[in-house]
Amino acid sequence: MKKTVFAVLAAAALVLTLGATALAAGEAADPFAAPAAVEDVSEPAAPEAIADEVADDIAPAPDAAPAEDGSSTDTDAPVQTAPPENRPDGWYGRDGYWYYYKGGYRVVSDWVTDAGERYYFDADGRMATGICDVDGQTFWFNTSHNGSYGAMKSGWYGKDGYWYWFSEEGPMVMVDWATDGKDEYYFDAEGRMVTGLQEIDGRTYFFNTKHDGAYGAMRTGWQGIGGYWYWFDSPSGQMVRSDWRYNGGNKFFLDWEGHMATGLYEVEDGQFYYFNTSHDGAYGAMRTGWQAAGGYYRWFSPENGVMAVSQWVTDGGKRYYVDADGQMVTGLYEVGGITYYFNEHHDGTYGAMADHQTYLNGEMYMFAPDGTLMRNTTVSLLGKTWNVNENGVIVGYVTPAGRQAAAVLDQVGWNLRSAFNWVTRLRYANRWLRAPAGAVHTEWYANYGFTNHYGNCYVMNSTLYQMIKMMGYEVYFVEGGVLNSNGYLAPHGWTEVYHDGVQYVYDANFTNETGMNGFRIRYGQSGTWRYAQYKRVD
């Protein structure tokens, strides 16, 4: 682009007579960082003072009015007392105007350089002041009586709410760029400094609208305009459209209008990406992995960010499936003619494929390790052999107590912590309560607890056992005792749960009585009861 280098303003220039303040040096462009929130700067503000001196726009007047005989007290130019014709070279003041002679003739429609300053004299030989057109170009001549009255000036000139720039060579800059070596500015066909979004030679730029010391300067990087974020390349300043940009590990996309993309966005035909909608320091950054978009969870490839469609996804050791719209499926779902189940509970594995017994529609169904629904077979669970019918249901697995457990889980959440917390809040009562002879302990105690919402250790941990069993874990109810400091064995009941083949104790009554942790502890662990003489019971 064509650029005109600004003149260095004279150190002795005066403060603006228009009352504006001097322009501070332009600040460096904002760092290339993700924005946090949009500031609307679409409405330009009034110009601020950005020069050391501005014309005062008064009628032309010499530093000192010439006398009738041509004498003058002006100290800026020699006093001329010669007759009007054949005057010696130099200044001559008369009737409120200044003239200049060379070779005995008045200088007309021409330039004169005197004491390092340039002056212009019109067709009548009068020295020009203020804003004047010379040979089709606009110049600015000093109107201030500061020792250089009438001298050609350069730099910033403010009038009627606009700013203009006069180059070091003198002409006003029009339809062109100018730079001070740090910031760049652009001036329109009338010479006015532009601000805000501007189309120049088919390219879009942004010029500062803030009175921050660099009003009107071209800006690069992120700019918030009209509720959108845009990116302007450095050093060109051109707006980016339909392209990607990077930011130290984050990736952004700008659409055909230059808007930074957010949320679910189709960059290419059939290829969707997700861009951050949270103002967390990386607003608009491309995101990968599971993202909640359009009311569904969708998977975006960690390798390239493209949304997965009609395919399996493995994450955290669990398998998931996304449909043709990229939506993570849940519940019973057929893939290639085979029935699978994908977790519908928000228990930390929402959408994960079931690979073990799973409670559905009031029954326990059996799924193989590869996720397929098993039918017409037998399985070994909880130390017993169970029949699986033609519908995939484990016959006899769900009992009345189990259905009560499922009802509670529907309320509190299908996860171990929610179940454990619910049981610990039961009221402890009836210490010596025991199941009648011949009763199935896990069934009798659990029914008592779900019905009455109170009970002893057997009641509490039997209700916990039923809830964990309905979640499909390998769980056992244990009866035995706990030793006190005197070696006394107090009767007690608790549960054992296996995680990846490792045995843990879950004792809701321990937490209820002591307030200490009884969730997922180990036998002999410090700060727990000393369990002794125990065995698993139904």
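The values are calculated or read from the model by the stated rules, or taken from the named source; none is laboratory data. These figures come from a predicted structure and were not determined experimentally. As a convention, Cβ positions derive from the backbone with ideal geometry for all residues, glycine included, and neighbour counts pool all protein chains shown. Quick note on the areas: whole protein, heavy atoms, side chains included, nothing else; ligands and nucleic acids left out. Shrake-Rupley method; radii C 1.70, N 1.55, O 1.52, S 1.80 Å.
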Handout entry: Single unsatisfied condition, Phe300 versus (1) over 17 Å from the mean Cα position of the chain (by Cα); (2) more than 30 Å from Arg203 (Cβ to Cβ); (3) surrounded by fewer than 20 Cβ atoms within 10 Å (Cβ to Cβ)
Key = (3)
Handout entry: Filter pass, Gly438 being open to solvent by 70 Å² or more (accessible area, probe 1.4 Å), of a type in the set (Gly, Ala, Ser) and either at pLDDT below 95 or more than 20 Å from Tyr498 (Cα to Cα) (or both)
Key = yes
Exercise for the section: Output the residue which, of all residues in segment 161-213 that are of a type in the set (D, E, K, R) and touching a Ser or Thr at 6+ places or on another chain (Cβ under 7 Å), is modelled with the highest pLDDT. Expected result: Asp176
Practice task
Would you confirm whether any residue within segment 375-386 is out of contact with any Lys or Arg (no Cβ under 8 Å at 6 or more places or on another chain) and part of a loop (DSSP other than H, G, I, E, B)?
Solution key: yes
Exercise for the section: Taking only segment 344-358 into account, find how many residues are modelled with pLDDT of 95 or more and either among the acidic types (Asp, Glu) or out of contact with any strand residue (DSSP E or B) (no Cβ under 8 Å at 6 or more places or on another chain) (or both). Expected result: 1
Handout entry: Qualifying helices (runs of 4 or more DSSP H) (wholly inside segment 397-469; at least 1 residues being under 30 Å from Glu344 (Cα atoms), in contact with a helix residue (DSSP H, G or I) (Cβ under 7 Å, 6 or more places away or on another chain) and among the hydroxyl-bearing types (Ser, Thr, Tyr))
Key = 416-424, 441-452
Practice task
Could you run through segment 87-118 and say how many residues are open to solvent by 20 Å² or more (accessible area, probe 1.4 Å) and either on the phi > 0 side of the Ramachandran plot or of a type outside the set (Ser, Thr, Tyr) (or both)?
Solution key: 17
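Per-residue answers, yes or no, for (1) open to solvent by less than 10 Å² (accessible area, probe 1.4 Å); (2) not hydroxyl-bearing (Ser, Thr, Tyr):
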residue	(1), (2)
Arg126	no, yes
Ile131	no, yes
Gly136	no, yes
Phe141	yes, yes
Gly147	no, yes
Trp165	yes, yes
Thr179	no, no
Phe187	yes, yes
Val194	no, yes
Practice task
Report, by residue number, each residue of segment 503-534 that is open to solvent by 80 Å² or more (accessible area, probe 1.4 Å), touching a strand residue (DSSP E or B) at 6+ places or on another chain (Cβ under 9 Å) and under 17 Å from Ser418 (Cβ atoms).
Solution key: Arg520
Completion exercise
Considering only strands (runs of 3 or more DSSP E) wholly within segment 105-224, the ones with at least 2 residues that are among the aromatic types (Phe, Trp, Tyr) and more than 26 Å from Pro88 (Cβ to Cβ) are 137-141, 155-159, 162-166, 184-187, 203-207
